[in-house]
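For reference, the structure discussed in these notes is given below.
The values are calculated or read from the model by the stated rules, or taken from the named source; none is laboratory data. Being a predicted model, the structure only gives us computed values, none of them experimental. Backbone-built Cβ (ideal geometry, glycine too); neighbour counts: all protein chains shown. Surface accessibility is based on the protein's heavy atoms, side chains included, excluding ligands, DNA and RNA. Shrake-Rupley method; radii C 1.70, N 1.55, O 1.52, S 1.80 Å.
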Amino acid sequence: MIDKSELIKYFLLEAEEHVNTLIEGTEELETKGYNKETIESLFRATHTLKGSASIVKFNKVATLSHRLEDLFEALLNEEINYENSLIYPIKQVINAIVGFVNEIHKTGEEKSELDEKVIKSIENILHKKQAFVEEYEPVAFKTFPVSNTVRVELEVIDHILTSLGETLVQKNTIMDKEKELLNIVEEIHNSGKKLLKEITDFSNRYYLSTQNKDEKVIDSFFVEFSDLEFDRYDEYHIFLRKIQEITNDITEGINSLFTFSENLSYHFKSLNKEINYLKDSLVEIRMIPISRLLHRLSEAVKDTAKAHGKIIEIEIKGAETKIDKPIFDSLYEPILHILRNAVQHGIEYPEERIRKGKDQTGHIQINLQKEGRYIVISIKDDGKGIDIDKVKQIAIQKKLIAPEYAPFVSKEEILSYIFAPGFSTAEEVDFQSGRGIGLNIVKTAISKLKGTIEVSSKLDKETTFVIKIPQSLTISNLLVFNSHNLDFAIPINYIEEILTLEDFPQAIIERKINHKNRIIPLKVFSEVFFSVNGKKIEKGFIIVFNFSGIRKGLIVEEILGHEEATVHSFGKFLEGLTQYLGYFICGKGSPRYVIDPLKLFEEEFIFTTALSEKIKEPFTYKGSVLIVDDSISVRKSLQSILEDKKLKVYTAKDGAEALNLIEKEKIDLVVTDLEMPIMHGYELISRVRKDPRFKDLPIIVLTSRGTKKHEEKAIALGADGYIVKPFDEKAIQEQILNRLIYSELR
C-alpha cells in the first residue's frame, strides 16, 4: 500500500499547478472581464483539486475547492451573472486554499481552523443567485510555496532524449575529426622537424664555405676588401640562407598549429564532458527511486508469508538508488516472483527452522548498488537452498547436459539450468526448496531489459539471486569491433571480459578454451555472419559473455573501442533480422549494426526461448484494470489499492489516452472519471460502447458528481457502475472487484 507521505507529495505537486491556474484565471477575469473559456478552466481546476484533496483526506481544501467549483458551475450555467465584485470572495477562498497548502507543505497536515465566513460568502451568492454587490476591498494573493519540481510528460522527455541521441552522433563525428586533425598535425610536425634538420645540416656544411679563388668578384663593393677582411657570399649561399629563414617560419607555423590543435582538443574534451553531463541530467529526469517498487513488493510478500504461516523480515539496503521508469515498470513481476519463491519454497516453517538451529524468523535481504552505468540487485534468503545434485540429475534427464560432460560442468553453470522452461515442477523435483518453477519467466523479463541474472546457493543455508541491469535503456554502452571491413557493436552489459587470441593458440581449432577452470565454447563471428570463412584468423580477440552463469566466447578480428549511442530499430522492412538489436550512426556517418548476443547463441540456450502464455501461472494477475482520471493523486491511490488485490493496473489521464490503451492492451475493466480535458468520460463510454469488440467491457464511473442526473446519463450511455468520490476500499470491493469476478464467470 502506498504510504500517505507519497500521496501528499503527489498532491502538493498537483495542487501547485491547479492553484496557479486559479490565480492566473482570476487575475484575467479581474483585468479583462467575463470569459467563458477562463471560467471553464477555473471550473476544471477546482474540480480536480477537490478530488485530489478528498483522496488524501485534506477535507478543508476539498471543502473550499467544492464551493468554488459550485460558483464557477453556476456562472457557466448562467444561473448567476458575472460581476467584478465576485473577484473579492473568489480571492478570499483561493487565499484560504493557499494557506492550507502551505501548512501541508510544511507539516503534512491542515492545522488551522476553516474560516466559516469565507465559505458563507460563496454560499450566500449561490443561495441568492446574484453576484456579490456590496463594497469590497482589493485582495492580494498569498505567496505560494515554490516547489523544486515540475511535471513533464514522458513523451517530451523522450523527444529530448532522441535529440540527445543525434547530438551524441555529432559528438562522435567531432571526436573522430579531432583524431584525424591530430594525426595530420603530428605528420606535419614530424615532417617539419625532418626538413629543419636536413636544412640545418646542409647549412652547417656549406654556409661558411669560401668562394673559388679563381672566380672574379663582380660586386664593386668587394673590390677594396680582401678575403680575410670581408666574407663573400655568392647566390648559392644567399639561397641557402633564404631557405633556412623560410624553414624557420614554417617551423613557427607548425608550432602554432600544434598549440592550436592542443587547445581545440581541450575544448572538444570540455564539450564531451558537458554533453555527458547533459545526457546524465536528462536521463536522471526519468529516474525513479527503486524504493517505491521494493516497499510495495515487501507488503505483498509479507501477505504471502502470513498466508503460508511463515514469519519473515525483509531488509532493504540501497533503496535510494534510481532507475529508468521503463525498467522500473518492468521489474515488478520478476522481483515479485523471486521473493514469492523465497517465501513459498525457500524459507522454512518456524518449527522446522528451530529444529535446524535457525531463528524462527526467515530473513530476506535486498541489496542494491550502482556499478558504473548498471544497477546490481541482490536478493538473498536464509532458507533451504538448492540441491545442486538434484539440479544436475534433472538437467541430464532433460538432455540439457550430456552424461559424459556432467562431471566437468561447474556448479554455477549447473544452477543456471533452473532458468530453463519447464525445467522443474513441484511434482518432479523440489531442489530442497521448490525453486525453478517459472524462473524462465524471470530470465526472459530480465533479458528484455538487456540485463543478466545469476544464482548461487548453499544447501540449508542460503540462496542468492543477482540481477544486473542497465540504469537506463535510453543510451546504450556498446563495444565496437570490425569484421570483413564492416563495423559491428555489441552491448557491454553481457560482456564479462576480453581475451587476446594469441594466448589461446588452439582456440580456432578446438572451438573452446579452458579459462579460470571453466570450459568456454567459442564461435567465430565471421563464420556466423558471412557466407564464407574468409582469411584465416591469426590475431584477434575473444569476447567472453556471461549469460546467467553460463559463459560463451566470440572470436572477433579487431576491436575498435567503446561507444555510447542511441540504438534505432530496423523498422518493419528488416524486422526479420532478429540477430540484430538495431543500428546506430557512427561519427564517420556510416551505420554500425548492433548484435544481439542472446540470439547469437540462441540454439545453445534452451531457456532463452519465451514461454507460452499457459506457463505464466506463477504470477498471473487476477485481471487488468484501466484507471482513467486527470488527477494523478486519484490514479496513484486507486492503483495502489487494486495492485494490492493482485490486479494489473494501467492508467490514463484522459479519454483519448484510454482509447489507445484499450486498443493495445487486454483490459478487463475500465474505471473512469467524467470531467477530464481532451476527451471526457461520457464521450469515452460512448465510443467504447459503439465498438462491437468492447460492447461487454465493464465500465465503472468514478466521479465527484453525485447527482442523479449525472449518474443516469452515464448509465444510459453504457456505464455498468457509479462510484462517488471520495471512495473507500469497500466501494472498490463491491463495484470493481465483484464486477471483475462476475465478468470472468460470464
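Structure data summary
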read-out	value
Subset of region 668-723 that is among the hydroxyl-bearing types (Ser, Thr, Tyr) and assigned to a helix (DSSP H, G or I) - its residue that is nearest to Gly655 (Cα to Cα)	Tyr682
Residue tally, condition open to solvent by less than 40 Å² (accessible area, probe 1.4 Å) and either closer than 16 Å to Val556 by Cα or among the hydroxyl-bearing types (Ser, Thr, Tyr) (or both), over region 505-520	3
Any hit, region 349-356, residues being assigned to a helix (DSSP H, G or I), farther than 30 Å from Pro421 by Cα and in contact (Cβ under 8 Å) with a residue 12 or more places away in the chain	yes
Residue under evaluation Ile290, criteria (1) hydrophobic (A, V, I, L, M, F, W, C); (2) out of contact with any Lys or Arg (no Cβ under 8 Å at 6 or more places or on another chain); (3) closer than 30 Å to Asp644 by Cβ, criterion not met	(2)
Pair list, Cβ under 9 Å, 6 or more apart: region 625-649 residue without any contact (Cβ under 8 Å) to a residue 40 or more places away in the chain, other residue surrounded by 24 or more Cβ atoms within 10 Å (Cβ to Cβ) and assigned to a loop (DSSP other than H, G, I, E, B)	Arg635/Asp629
Which numbered condition Gly108 misses (of (1) more than 18 Å from Glu17 (Cβ to Cβ); (2) touching a residue at least 12 places away in the same chain (Cβ under 8 Å); (3) crowded, with 16+ Cβ neighbours inside 10 Å)	(3)
Region 314-362 - residue that is polar (S, T, N, Q) and more than 33 Å from the chain's Cα centre (by Cα) and, of those, farthest from Gln471 (Cα to Cα)	Gln360
Residue in region 299-311 that is open to solvent by less than 50 Å² (accessible area, probe 1.4 Å), assigned to a loop (DSSP other than H, G, I, E, B) and either in contact with a Pro (Cβ under 6 Å, 6 or more places away or on another chain) or more than 25 Å from Lys645 (Cβ to Cβ) (or both) present	no
Some residue of region 326-343 being farther than 21 Å from Lys646 by Cα, out of contact with any strand residue (DSSP E or B) (no Cβ under 9 Å at 6 or more places or on another chain) and open to solvent by 20 Å² or more (accessible area, probe 1.4 Å)	no
Flag if Ile741 is modelled with pLDDT under 90 and open to solvent by less than 30 Å² (accessible area, probe 1.4 Å)	no
Residue in region 21-44 that is nearest to Val724 (Cα to Cα), counting only those that are of a type in the set (A, V, I, L, M, F, W, C) and open to solvent by 10 Å² or more (accessible area, probe 1.4 Å)	Phe43
Single condition Val391 does not satisfy, out of (1) open to solvent by 30 Å² or more (accessible area, probe 1.4 Å); (2) at pLDDT 85 or above	(1)
Matching residues, region 638-667, being part of a loop (DSSP other than H, G, I, E, B) and either within 24 Å of Phe43 (Cα to Cα) or among the aliphatic types (A, V, I, L, M) (or both)	Leu647, Lys653, Asp654, Ile667
Candidate set from region 259-291 (those that are part of a helix (DSSP H, G or I) and β-branched (Val, Ile, Thr)); member that is surrounded by the most Cβ atoms within 10 Å (Cβ to Cβ)	Val283
Pairs where the first residue, in region 451-475, is under 16 Å from Glu496 (Cβ atoms) and the second is among the acidic types (Asp, Glu), C-beta under 6 Å, 6+ apart	Val466/Glu454
Some residue of region 45-66 being more than 20 Å from Ser637 (Cβ to Cβ), open to solvent by 10 Å² or more (accessible area, probe 1.4 Å) and in a helix (DSSP H, G or I)	no
Any chance Ser41 is touching a residue at least 60 places away in the same chain (Cβ under 8 Å), under 19 Å from Arg705 (Cβ atoms), in a helix (DSSP H, G or I) and in contact with a helix residue (DSSP H, G or I) (Cβ under 6 Å, 6 or more places away or on another chain)	no
Residue within region 404-423 that is crowded, with 20+ Cβ neighbours inside 10 Å, in contact with a Pro (Cβ under 7 Å, 6 or more places away or on another chain) and modelled with pLDDT under 85 present	no
Selection within region 79-105 - more than 22 Å from Asn59 (Cβ to Cβ), open to solvent by 30 Å² or more (accessible area, probe 1.4 Å) and part of a helix (DSSP H, G or I)	Asn84, Tyr88
So Glu657, is it out of contact with any Cys (no Cβ under 8 Å at 6 or more places or on another chain), under 24 Å from Lys636 (Cα atoms) and acidic (Asp, Glu)	yes
Residues of region 664-678 classified as modelled with pLDDT under 85, surrounded by fewer than 22 Cβ atoms within 10 Å (Cβ to Cβ) and either in contact with an Asp or Glu (Cβ under 9 Å, 6 or more places away or on another chain) or under 26 Å from Thr707 (Cα atoms) (or both), total	3
Some residue of region 557-570 being modelled with pLDDT under 80, of a type in the set (Phe, Trp, Tyr) and outside any loop (DSSP other than H, G, I, E, B)	no
Single residue of Lys648, Lys622, Lys599 found to be surrounded by fewer than 16 Cβ atoms within 10 Å (Cβ to Cβ), in contact with a Ser or Thr (Cβ under 6 Å, 6 or more places away or on another chain) and at pLDDT 70 or above	Lys599
Subset of region 458-504 (residues that are at pLDDT 90 or above and buried (at least 20 other Cβ atoms within 10 Å of the Cβ))	Thr463, Phe465, Ile467, Leu479, Phe481, Phe488, Ala489, Ile490
